[in-house]
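Undergrad: The following block contains the structure, expressed as structure tokens.
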Amino acid sequence: MHSKVPQVDARAGDDAAASRDGVLRSSVLPLLVLLVSLGATALTWYGLKAQAEASAATDFDSEARQIAETIEARTRAYQESLQAVVALFGTSRVITGDDWRRFVDGLELRRDHPGVEMLGFAKHLDADQLVVHEQQMQARDVPDYHVWPKGRRDRYVAVTFIEPFSGNSRRLLGYDLWADPTGRDAMQRARNSGVVSLSKRWSPVAGNESEATVLMFSPLSGGYVYAALHCDDLMEDILRNSVVDAGLAVYDGEQTSSDALLYANARARDALDAQFKPAFQTTVPVTVAGREWTLRLFSQPYAKAVPQRQLPLIALAAGIPLSFLLFGIAWSQATLRARAVRIARDMTQSLRAQAGLLDLTHDAVFLRDRHDVIRYWNRAASDTYGFSAEEAIGRTADDLLHTHFPVPSEQLWRELETTDRWEGELIHTRRDGNRIIVASRWAVQRDANGAIEAILETNNDVTEHRREQEERRRLEASLMQASKLEAMGTLAGGIAHDFNNILGAILGYGELAQNEVQQGSSLRRYVDSVMSAGQRAKSLVARILAFSRSGLGQRLPVHVQSVVAEALDLLSASLPDDVRLERELAADDAAVIGDPTQIHQVVLNLGTNAIHAMKNGGVLGVRLDMATVDVPVTLVTGTIDRGEYVRLAVSDTGLGIEPGLRDRIFDPFFTTKGVGVGTGLGLSLVHGIAADLGGGVDVQSELGRGTTFEVYLPCSGRVSHTDPEREALPLGHGETVMLVDDEEVLVRLGEEMIARLGYEPVGYTSPADALEAFRANPRRFDIVLSDETMPGMTGSQLAERIRELRHDVPILLMSGYATATLATRAAAAGVAEVLNKPLVARDIARSLEVALRK
């Protein structure tokens, strides 16, 4: 019995061992699956955690860059506003407080420029200008104005204009920014660089000094334009539009010490004071108006900064009981993801192939999302605009290209919403700053809900084509203008000869009658009136010839003041009873190289226009003085160079000029007067004369207040004034004068005038008879005075034939249509001088004496 017991125990042990082995074998797979599942769960938890942190960090970094770019964009806009103010002061010689207020109101500071606390102009003053400046400002409705702080300094930069003019800003009026080290440093940098410069933190002389303010300066001639930027308002407005609730601290310069702090919101202050530890923080440098700022951005604590933090915990908690299911799902997702990667890779390759095709087109093509952010940019777009794809993608199209639309944007979007397409011309700005015109085509891409998701824009540069069209239109207009002037010249030449012959008889016999009638008698008064009317008719012909450029103008030093005084005397005789003439002539002996008739016509035309503008009466003001131009100045008619000018200002108190008409008032034949009242030649003639003499014309007008025309003529030194009416006539000594004119009345008149001058006249009405008489006795005549336009033979032809008979006889020609062509032809024929009809005794006496003396 004892021998059987071990056998039983051995089998039982084998069975137990086998049972244990089975249990172990059956537990291996579940344990292995559990371990694998737990490992997969742990990996999933770790991956989700890392992904959440990376996503939050990426969003934070993106927002940080966006905030930095927004600050730079905002401050660039403020710099452009300062340049607009500089342009205002550069194009207007006198800026009033109302002008300044209207300009600043138009900028809409509160709406479009948050953070700009005030705009102002500070005038540069030397010590000896201080008292006069304070008196001028006090007279300008600022009776308590004074420059402060007090104290004698060699230089001041005093606040002269400031807007809005209320509260703390009102107290700054007259403040000497040069006395402030912070303002002085920024102004010196602005003046040295010639561009906008930003100051360090500036402590206002009034107001809440705990809030950071910086000054932005732009230099201009005579002072500085500046803007005060309130850092709190600027940054709060920028953060208001931020999608990340970030803490922001802004420092002046590269140091991030408390002394350099310009702004910090509540979250940034908590982070700086160690009230909490942010999940993310970064430092971004920005450049603002040539000055470096440093931005420090802080996220919320980790729990709030990473809102997806619950996902890893949920995955960990659910992974243990559902490990097998999660493992299967993970395996399935991995398979699906691999397939999606392959599909995405195939799609990417397809898109790249399509993008390569778009790079082959010559049109600029780019894709914008619904927020106007550029997502695609082809090679032709880089060639057209100068921006690479890396520079363009991620920026808004408006920020990159500064698009100018031909229609309101609301109308454009309505068309896009309706038709999914839009075509038109846009103006874009290239990287080099040049503007181009593009023919643009837009096509809309919509999402599954029908909302606009993206816009494909295709642009073709048509700048050169439009320039050629504009040049063609300009040439056509010039050709039409030339045709008008040619017709005017033909008309002028046609009437000048006959009309001047008639005037010659009127003025000649009138002058003889004047010499015979006693001074002060009523008959003398009648004759003087006839002579005045004749002179005005002579002036009218000169005006027509001058406008058509048909007349032969003189080029000699003109005593401008005497010519203007003479023209005003003539103009005052025809003034309406309700118009008063006020003259101020202070040019003394200033001279202009030109033709006295041209100066005369400028005064008469501007004066006549001024009288017509004052239908209900008023004051006609004429001022003549000297003006020194230190830098080239742009006038309405063009730019004049630096130098000394004689300035003629003619003003009226009439209706003024409509703004839409100011660009057309110098066009020939343009007039706002009624039919039969004006021809539209006056201002065109003024413009032509000023340009011909090397000057220009400027216009200032205000509706209901009147108009002032300023004519600038280059001064050519000084010349003494002599009154030709008081000079004694040079008389002859019995010399024989051959007088030839086909008008018998002018021959009789000429003989009598020449005889009174001490000469022996011999008159002929036929050039053939005159030539025959000269051929019979060439030594009989000492000088020949002949008309040019005669039947059968012209005066020039007569001169050539007389020269063949006797080469040393002086010859003078007369013409009612003396052109440059006639002067050239006459000089070739040996003529000493061409005289303009109608002639008076003084003209004949001077010419005879000069010709005989040579």
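The values are calculated or read from the model by the stated rules, or taken from the named source; none is laboratory data. Note that the structure is a prediction, hence the values are computed from the model and not measured. We place every Cβ from the backbone using ideal geometry, glycine too, and count neighbours over all the protein chains shown. In case anyone asks, the SASA skips ligands and DNA or RNA and just uses the protein heavy atoms, side chains included. Shrake-Rupley method; radii C 1.70, N 1.55, O 1.52, S 1.80 Å.
Undergrad: Somewhere in segment 236-251, is a residue open to solvent by 20 Å² or more (accessible area, probe 1.4 Å), more than 32 Å from the chain's Cα centre (by Cα) and among the polar types (S, T, N, Q)?
TA: Checking segment 236-251: at least one residue is open to solvent by 20 Å² or more (accessible area, probe 1.4 Å), more than 32 Å from the chain's Cα centre (by Cα) and among the polar types (S, T, N, Q).
Undergrad: Just checking, which of Gln535, Gln561, Gln598 is at pLDDT below 70, in contact with a Leu (Cβ under 9 Å, 6 or more places away or on another chain) and assigned to a helix (DSSP H, G or I)?
TA: Details: Gln561 fails: at pLDDT below 70; Gln598 fails: at pLDDT below 70.
One residue alone meets the criteria, Gln535.
Undergrad: In addition: Could you grab the pairs with beta carbons closer than 7 Å, sequence gap of 6+ or different chains, first residue in segment 595-610 and crowded, with 22+ Cβ neighbours inside 10 Å, second one acidic (Asp, Glu) and not in a helix (DSSP H, G or I)?
TA: Correct list of pairs: Ala610/Asp652.
Undergrad: Could I ask something else about it? Can you tell me how many residues in segment 122-146 are over 33 Å from the mean Cα position of the chain (by Cα) and either open to solvent by less than 10 Å² (accessible area, probe 1.4 Å) or within 21 Å of Leu88 (Cα to Cα) (or both)?
TA: Residues flagged as over 33 Å from the mean Cα position of the chain (by Cα) and either open to solvent by less than 10 Å² (accessible area, probe 1.4 Å) or within 21 Å of Leu88 (Cα to Cα) (or both) within segment 122-146 amount to 1.
Undergrad: Quick one: which residue in Val677, Val719, Val697 is at pLDDT 65 or above and open to solvent by 20 Å² or more (accessible area, probe 1.4 Å)?
TA: Matching residue, one of Val677, Val719, Val697: Val719.
Undergrad: Return yes when Leu575 is part of a loop (DSSP other than H, G, I, E, B), modelled with pLDDT of 85 or more and either aromatic (Phe, Trp, Tyr) or open to solvent by less than 50 Å² (accessible area, probe 1.4 Å) (or both) and no when it is not.
TA: Spelling it out, Leu575 is indeed part of a loop (DSSP other than H, G, I, E, B), modelled with pLDDT of 85 or more and either aromatic (Phe, Trp, Tyr) or open to solvent by less than 50 Å² (accessible area, probe 1.4 Å) (or both).
Undergrad: Oh, and also: Looking at the structure I just gave you, is Asn449 within 13 Å of Asp363 (Cα to Cα) and open to solvent by 20 Å² or more (accessible area, probe 1.4 Å)?
TA: no
Undergrad: Look at segment 819-834 and say how many of its residues are aliphatic (A, V, I, L, M) and either buried (at least 18 other Cβ atoms within 10 Å of the Cβ) or on the phi > 0 side of the Ramachandran plot (or both). Step through it out loud before you land on a result.
TA: To start, the set of residues in segment 819-834 that are aliphatic (A, V, I, L, M) comprises 820, 822-823, 826-829, 831-832, 834.
In the following step, the residues that additionally are either buried (at least 18 other Cβ atoms within 10 Å of the Cβ) or on the phi > 0 side of the Ramachandran plot (or both) were identified as 822, 826, 829, 831-832, 834.
Number of matching residues: 6.
Undergrad: Shifting gears a bit: Report yes if Leu739 is modelled with pLDDT of 90 or more, within 60 Å of the chain's Cα centre (by Cα) and closer than 14 Å to Pro810 by Cβ, otherwise no.
TA: Details: modelled with pLDDT of 90 or more: yes; within 60 Å of the chain's Cα centre (by Cα): no; closer than 14 Å to Pro810 by Cβ: yes.
Here the answer is no, as Leu739 does not meet what is asked.
Undergrad: So which pairs qualify, if the first residue must be in segment 359-377 and open to solvent by 40 Å² or more (accessible area, probe 1.4 Å), the second must be in a loop (DSSP other than H, G, I, E, B), the Cβ gap must be under 8 Å, and the two must be at least 6 apart or on different chains?
TA: What qualifies is Asp359/Asn378; Thr361/Asn378; Arg370/Ala451; Arg375/Ile393; Tyr376/Ile393.
Undergrad: OK, next. Out of all the residues in segment 801-854, which are β-branched (Val, Ile, Thr) and modelled with pLDDT of 85 or more?
TA: Passing the criteria: Ile802, Val809, Ile811, Val831, Val834, Ile844, Val850.
Undergrad: Look at segment 147-166 and say how many of its residues are open to solvent by less than 20 Å² (accessible area, probe 1.4 Å) and among the small types (Gly, Ala, Ser).
TA: The total comes to 1.
Undergrad: So Leu400 fits all but one of (1) more than 25 Å from Glu72 (Cα to Cα); (2) crowded, with 16+ Cβ neighbours inside 10 Å; what number is the exception?
TA: (1)
Undergrad: Taking the criterion of being in a helix (DSSP H, G or I) and open to solvent by 10 Å² or more (accessible area, probe 1.4 Å), would at least one residue in segment 193-205 satisfy it?
TA: The answer is yes, given that some residue of segment 193-205 is in a helix (DSSP H, G or I) and open to solvent by 10 Å² or more (accessible area, probe 1.4 Å).
Undergrad: Restricting attention to segment 835-854, report how many residues are open to solvent by less than 50 Å² (accessible area, probe 1.4 Å) and in a strand (DSSP E or B).
TA: Total meeting the criteria: 1.
Undergrad: Ok, one more. Among the residues of segment 724-778, count how many are touching a helix residue (DSSP H, G or I) at 6+ places or on another chain (Cβ under 9 Å), over 21 Å from Gly795 (Cα atoms) and basic (Lys, Arg).
TA: Summing the residues that are touching a helix residue (DSSP H, G or I) at 6+ places or on another chain (Cβ under 9 Å), over 21 Å from Gly795 (Cα atoms) and basic (Lys, Arg) in segment 724-778 gives 1.
Undergrad: Consider segment 422-480. How many of its residues are aliphatic (A, V, I, L, M) and more than 27 Å from Tyr376 (Cβ to Cβ)?
TA: Here is the first cut: in segment 422-480, the residues aliphatic (A, V, I, L, M) are 426-427, 436-439, 443-444, 448, 451-452, 454-456, 462, 475, 477, 479-480.
The next check asks that each one be more than 27 Å from Tyr376 (Cβ to Cβ); those that pass are 475, 477, 479-480.
Total satisfying the criteria: 4.
Undergrad: Quick one: count up the residues across segment 73-91 that are open to solvent by 40 Å² or more (accessible area, probe 1.4 Å), touching a residue at least 60 places away in the same chain (Cβ under 8 Å) and under 27 Å from Gln700 (Cβ atoms).
TA: So the count comes out to 3.
Undergrad: Restricting to segment 432-446, name every residue that is open to solvent by 30 Å² or more (accessible area, probe 1.4 Å) and either under 20 Å from the mean Cα position of the chain (by Cα) or among the aromatic types (Phe, Trp, Tyr) (or both).
TA: Asp432, Gly433, Asn434, Arg435, Ile437
Undergrad: Additional query: Please identify the pairs in which a residue from segment 714-727 that is on the phi > 0 side of the Ramachandran plot has its Cβ atom under 6 Å from the Cβ atom of a residue that is modelled with pLDDT of 85 or more, counting only partners at least 6 apart or on another chain.
TA: That search, which allows pairs on different chains as well, returns Gly717/Ala591.
Undergrad: Going by what's in this entry, would Gly97 be described as modelled with pLDDT under 85 and touching a Lys or Arg at 6+ places or on another chain (Cβ under 7 Å)?
TA: Judged against the criteria, Gly97 is a match.
Undergrad: Would you confirm, using the coordinates I've provided, whether Val94 is open to solvent by 70 Å² or more (accessible area, probe 1.4 Å), among the hydrophobic types (A, V, I, L, M, F, W, C) and over 30 Å from Leu239 (Cβ atoms)?
TA: Criteria met by Val94.
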